[in-house]
Amino acid sequence: MKSQIRKVVVQVDEVHIEMGQPVSPPTRRALAMAVIHNPYAGRYSENLDELIAIGEELGGMLGERCVRALGIEPAQAQSYGKAAIVGEGGELEHAAAILHPKLGAPLRKAVEKGAALVPSSKKHGGLGTAIDVPLGHKDAAFVRSHFDAMEARVSDAPRANEIVVAVVVTDSGRPLPRVGGLQAHEIQGEDGLR
């Protein structure tokens, strides 16, 4: 294992009622977070390969944890997203190194397919900083019913030399979606857009 993981947090959000209306089946989102040591904290480095490798490792691990938490088969996953919070000893580029070059491929494997880009966000923060993990349908970016987000937060992280890395996977879209657009059953899933 390339990353030094201090803590892993997994949680499931399940909505049964929205605005007094039953949501059946309930919408479910799973969040998996790893609090890791930042090997570049406190220093500038032109090369961020160590964080890129860590991102590749965490993409699969966190995606698999989400799928297990939902109790579904990988093919049943519908949307995904990723985010990172860098402690004060790091920089935003450290989050970018984890999230962008290599985290996506193993996450896509964990959810089977994933033709669409994985939405992402990143920020600096201290202990207990929250971040919204943006969500989009895994196979078609234009499916409005799956435009969503889930808040991620670890009460004792990130410390100055840490990064919180978060992945969210869902088995549904938003509760009671009704703003039109491409429907999930209409997805062709070839170009990541439709």
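The values are calculated or read from the model by the stated rules, or taken from the named source; none is laboratory data. Quantities reported herein were computed from a predicted structural model and do not represent experimental measurements. Heads up, the Cβs are rebuilt from the backbone with ideal geometry, glycines too, and the neighbour counts pull from every protein chain shown.
Quick notes
- Among (1) crowded, with 20+ Cβ neighbours inside 10 Å; (2) touching a residue at least 40 places away in the same chain (Cβ under 8 Å); (3) in contact with a Gly (Cβ under 7 Å, 6 or more places away or on another chain), the one test that Val118 misses: (2)
- Screening the candidates Ile85, Ile98 for the property of being at pLDDT 95 or above and outside any helix (DSSP H, G or I) yields one hit, Ile85.
Every residue, every condition in (1) over 28 Å from His16 (Cα atoms); (2) in contact (Cβ under 8 Å) with a residue 60 or more places away in the chain, yes or no:
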site	(1), (2)
Lys82	no, yes
Val133	no, yes
Ser155	no, no
Gly192	yes, yes
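- Per the conditions (1) in contact with a strand residue (DSSP E or B) (Cβ under 8 Å, 6 or more places away or on another chain); (2) at negative phi, the sole criterion not satisfied by Gly114 is (2).
- Checking each residue in region 53-94 for being over 28 Å from His146 (Cβ atoms) and surrounded by fewer than 19 Cβ atoms within 10 Å (Cβ to Cβ) picks out Ala53, Glu88, Gly89, Glu91, Glu93.
- Failed item, numbered, when Ala97 is tested on (1) crowded, with 24+ Cβ neighbours inside 10 Å; (2) within 29 Å of Pro26 (Cα to Cα): (2)
- Residues of region 164-193 classified as touching a helix residue (DSSP H, G or I) at 6+ places or on another chain (Cβ under 6 Å), aliphatic (A, V, I, L, M) and surrounded by 18 or more Cβ atoms within 10 Å (Cβ to Cβ), total: 3
- When Ser155 is tested against (1) part of a loop (DSSP other than H, G, I, E, B); (2) crowded, with 18+ Cβ neighbours inside 10 Å, just one condition goes unmet, and that condition is (2).
- Residue among Val10, Val23 that alone is under 13 Å from the mean Cα position of the chain (by Cα) and surrounded by fewer than 19 Cβ atoms within 10 Å (Cβ to Cβ): Val10
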